[in-house]
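Peer 1: Let me give you the structure first, and then I'll get to my questions.
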Amino acid sequence: MNKFFKILFSLFLVLLFETSISHSEEKRIKIGVLVPLSGENASLGKQILNSIRMALIDIKNNDIEIYPKDTRSDPDITLRSALEFEKMGISLVIGPVFYKNLLFLDKVNSITFLSLTNKTLDLHKNIISSGINSSSQLNTIKKFLEKNDIKKTIFLIPNSNYDLEVKKGIKKSKIKLFKQYNYDIDPTKLTKQIEKITNYGIRKQNLLDEISRVEKSDDPNKEKIIENLEKKYTLGKVKFDSVVIADFDESLKSVVTSLLYTDVSPRNKFIITLNQWFDESLLKEKNLQPIYYPSINKQNLDDFTDKFFKKFNYKPNYLSLLSYDLIGLIYYLSLKNETLEISKSFKTQNTFKGKIGVFEIKDNKINHQLNFYEINDGKLKEIF
């Protein structure tokens, strides 16, 4: 009889143990990670992966497991890795990083991809863009324009692979638009285009005509008047109050320099641009200041950067903060939903707060509520 109870008790322990394992497996959240871990973008991918690992440590939850795979920044390899994730039963993936790598992912409809791209055009239904998209930036610019009662804004948009995104953002934000121009990023063509946009030729001729008139006049102060006129580049006002330049880096600086050449100065017109990720080189360009742009919360970014540096001994790229927040978002949704329902939660409108700030998920993209900054006299200042 004792032998029978021992056998029964042993069976009970085995059943209890297997049930416990089964329950534990059900609780586990498997997250795929698709980033470049080799090739020219390997450094970027490793930084993103490290930020994800740091987020997992910070939330102190052992139920979330990550499974990284190398995309090599190649759409075909990205697809193969995604199909392997599908076989593993993974329904949620952070990545890919680049827009081009989304090309074939409509073939893996069982997986929701949280891509780090900021492009939102023609996304497949199973892809969510989590980058700082143009709509988020233009909504913030619109807020600044309204606060300052700026009525006439022109947009300067480069002929690039991002111009359609900007135009879509303008339409979505319903920003008051005076005029919109496209320009060529080729410096040899840029200046002539800016001259045309600002009516430089007419305003220059107005100046020459006025100098000629004063020279022929009997005004006793004409020498002083002419001296002052010759300090100018043009005579006559432009028909706009502010300029939004949808450009970055050296190309942005070239556009502002061309505006200066045509006598449109940041000192008398608002010069606004898109998210510059706190490009420190702009602090040194005092002749281009003041200049304004939307971006994420600078203090939160600095805190994250310091923490990352202490752990890994190098500074992270800005996409690392995006991926860090995505882990926090997944964890938050896991507290409210069953594991299989988490990916579905990304299809509904939800508002969250992360390191970047407040953001919402809507229409296959994450929209961020951004801050707005001014660079003036070599210093960065938060406007709101």
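The values are calculated or read from the model by the stated rules, or taken from the named source; none is laboratory data. Quick caveat: nothing in here was measured; it's all calculated off a predicted structure. Cβ placement follows ideal geometry from the backbone for every residue including glycine, while neighbour counts extend to all protein chains displayed.
Peer 1: If you go through the range 173-191 one residue at a time, how many are free of Cβ contacts under 8 Å to residues at least 60 places away in the same chain and either in contact with a helix residue (DSSP H, G or I) (Cβ under 9 Å, 6 or more places away or on another chain) or of a type in the set (Gly, Ala, Ser) (or both)? Let's see the steps before the verdict.
Peer 2: Of the residues in the range 173-191, the ones free of Cβ contacts under 8 Å to residues at least 60 places away in the same chain are 173-177, 180-182, 184, 186, 188-189.
Add one more test, that the residue is either in contact with a helix residue (DSSP H, G or I) (Cβ under 9 Å, 6 or more places away or on another chain) or of a type in the set (Gly, Ala, Ser) (or both), and what stays is 173-177, 180-182, 184.
Here the count works out to 9.
Peer 1: Let me ask you something else. Of Lys189, Lys174, Lys167, Lys179, which residue is farther than 17 Å from Thr262 by Cα and more than 22 Å from the chain's Cα centre (by Cα)?
Peer 2: Testing whether each residue is farther than 17 Å from Thr262 by Cα and more than 22 Å from the chain's Cα centre (by Cα) leaves just Lys179.
Peer 1: Without any contact (Cβ under 8 Å) to a residue 24 or more places away in the chain, touching a helix residue (DSSP H, G or I) at 6+ places or on another chain (Cβ under 9 Å) and among the hydrophobic types (A, V, I, L, M, F, W, C): which single residue out of Ile48, Ile127, Ile57 fits that description?
Peer 2: Ile57
Peer 1: Here's something else I'd like to know. Pick out the one residue from Phe372, Phe346 that is at negative phi, buried (at least 20 other Cβ atoms within 10 Å of the Cβ) and in contact with a Ser or Thr (Cβ under 9 Å, 6 or more places away or on another chain).
Peer 2: Numbers: Phe372 fails: buried (at least 20 other Cβ atoms within 10 Å of the Cβ).
That would be Phe346, the only listed residue that is at negative phi, buried (at least 20 other Cβ atoms within 10 Å of the Cβ) and in contact with a Ser or Thr (Cβ under 9 Å, 6 or more places away or on another chain).
Peer 1: Among the residues of the range 116-149, count how many are assigned to a loop (DSSP other than H, G, I, E, B), more than 27 Å from Leu44 (Cα to Cα) and polar (S, T, N, Q).
Peer 2: Here is the first cut: in the range 116-149, the residues assigned to a loop (DSSP other than H, G, I, E, B) are 116-126, 130-133, 148-149.
After this cut, where a residue has to be more than 27 Å from Leu44 (Cα to Cα) as well, the list is 148-149.
Within this subset, residues satisfying the condition of being polar (S, T, N, Q) are 148.
Adding up the residues that qualify gives 1.
Peer 1: What number goes with the only condition from (1) at pLDDT below 95; (2) within 30 Å of Ser136 (Cα to Cα); (3) among the acidic types (Asp, Glu) that Asp218 does not pass?
Peer 2: (2)
Peer 1: Somewhere in the range 100-115, is a residue crowded, with 20+ Cβ neighbours inside 10 Å, aliphatic (A, V, I, L, M), outside any helix (DSSP H, G or I) and out of contact with any Phe, Trp or Tyr (no Cβ under 8 Å at 6 or more places or on another chain)?
Peer 2: Scanning the range 100-115 turns up no residue that is crowded, with 20+ Cβ neighbours inside 10 Å, aliphatic (A, V, I, L, M), outside any helix (DSSP H, G or I) and out of contact with any Phe, Trp or Tyr (no Cβ under 8 Å at 6 or more places or on another chain).
Peer 1: Here is a follow-up. Please go through the range 292-318 and give me each residue that is aromatic (Phe, Trp, Tyr) and not in a loop (DSSP other than H, G, I, E, B), ordered by number.
Peer 2: To start, the set of residues in the range 292-318 that are aromatic (Phe, Trp, Tyr) comprises 292-293, 304, 308-309, 312, 314, 318.
Passing the criteria: Tyr292, Tyr293, Phe304, Phe308, Phe309, Phe312, Tyr318.
Peer 1: Right, here's the next one. I need a count of the residues in the range 43-74 that are part of a helix (DSSP H, G or I), more than 22 Å from the chain's Cα centre (by Cα) and more than 14 Å from Val33 (Cβ to Cβ).
Peer 2: The total comes to 3.
Peer 1: Also, I was wondering about something else. Evaluate the range 243-251: report whether one residue or more is assigned to a helix (DSSP H, G or I), surrounded by fewer than 13 Cβ atoms within 10 Å (Cβ to Cβ) and free of Cβ contacts under 8 Å to residues at least 40 places away in the same chain. Full working, then the answer.
Peer 2: To start, the set of residues in the range 243-251 that are assigned to a helix (DSSP H, G or I) comprises 249-251.
Subsequent filtering for residues that are surrounded by fewer than 13 Cβ atoms within 10 Å (Cβ to Cβ) retains 249-250.
The next check asks that each one be free of Cβ contacts under 8 Å to residues at least 40 places away in the same chain; those that pass are 249-250.
Yes, the conditions are met somewhere in the range 243-251.
Peer 1: Given the criteria touching a helix residue (DSSP H, G or I) at 6+ places or on another chain (Cβ under 9 Å), farther than 28 Å from Asp247 by Cβ, outside any strand (DSSP E or B) and of a type in the set (Val, Ile, Thr), does Ile330 qualify? Quick ask: steps written out before the conclusion?
Peer 2: Working: touching a helix residue (DSSP H, G or I) at 6+ places or on another chain (Cβ under 9 Å): yes; farther than 28 Å from Asp247 by Cβ: yes; outside any strand (DSSP E or B): yes; of a type in the set (Val, Ile, Thr): yes.
The answer is yes for Ile330.
Peer 1: So, one more: Residue by residue through the range 163-188, note down the ones that are surrounded by fewer than 18 Cβ atoms within 10 Å (Cβ to Cβ) and either in contact with an Asp or Glu (Cβ under 8 Å, 6 or more places away or on another chain) or in a loop (DSSP other than H, G, I, E, B) (or both). Before the answer, list the steps.
Peer 2: Initial filter on the range 163-188 (surrounded by fewer than 18 Cβ atoms within 10 Å (Cβ to Cβ)): 163-164, 167-168, 171-172, 174, 176-182, 184-188.
Hits for the range 163-188 are Lys174, Lys176, Leu177, Phe178, Asn182, Asp184, Ile185, Asp186.
Peer 1: Among the residues that make up the range 277-291, is at least one of them of a type in the set (Gly, Ala, Ser), in a helix (DSSP H, G or I) and free of Cβ contacts under 8 Å to residues at least 40 places away in the same chain?
Peer 2: Kept after step one, since they are of a type in the set (Gly, Ala, Ser), are these residues of the range 277-291: 281.
Checking the rest, the ones that are also in a helix (DSSP H, G or I) come to 281.
Then drop every residue that is not free of Cβ contacts under 8 Å to residues at least 40 places away in the same chain, which leaves 281.
Yes: the range 277-291 contains one or more residues that are of a type in the set (Gly, Ala, Ser), in a helix (DSSP H, G or I) and free of Cβ contacts under 8 Å to residues at least 40 places away in the same chain.
Peer 1: Another question about this same structure. Return yes or no: is Val244 over 28 Å from Asn161 (Cβ atoms) and either β-branched (Val, Ile, Thr) or touching a Lys or Arg at 6+ places or on another chain (Cβ under 7 Å) (or both)? Even if it seems obvious, please write down each step before you answer.
Peer 2: Numbers: over 28 Å from Asn161 (Cβ atoms): no; either β-branched (Val, Ile, Thr) or touching a Lys or Arg at 6+ places or on another chain (Cβ under 7 Å) (or both): yes.
No: the conditions fail for Val244.
Peer 1: Shifting gears a bit: Is it the case, given these coordinates, that Asp209 is assigned to a helix (DSSP H, G or I), in the same structural domain as Leu259 (by TED's automatic domain parsing), surrounded by 11 or more Cβ atoms within 10 Å (Cβ to Cβ) and over 38 Å from the mean Cα position of the chain (by Cα)? First the steps, then the outcome.
Peer 2: Working: assigned to a helix (DSSP H, G or I): yes; in the same structural domain as Leu259 (by TED's automatic domain parsing): yes; surrounded by 11 or more Cβ atoms within 10 Å (Cβ to Cβ): yes; over 38 Å from the mean Cα position of the chain (by Cα): yes.
Criteria met by Asp209.
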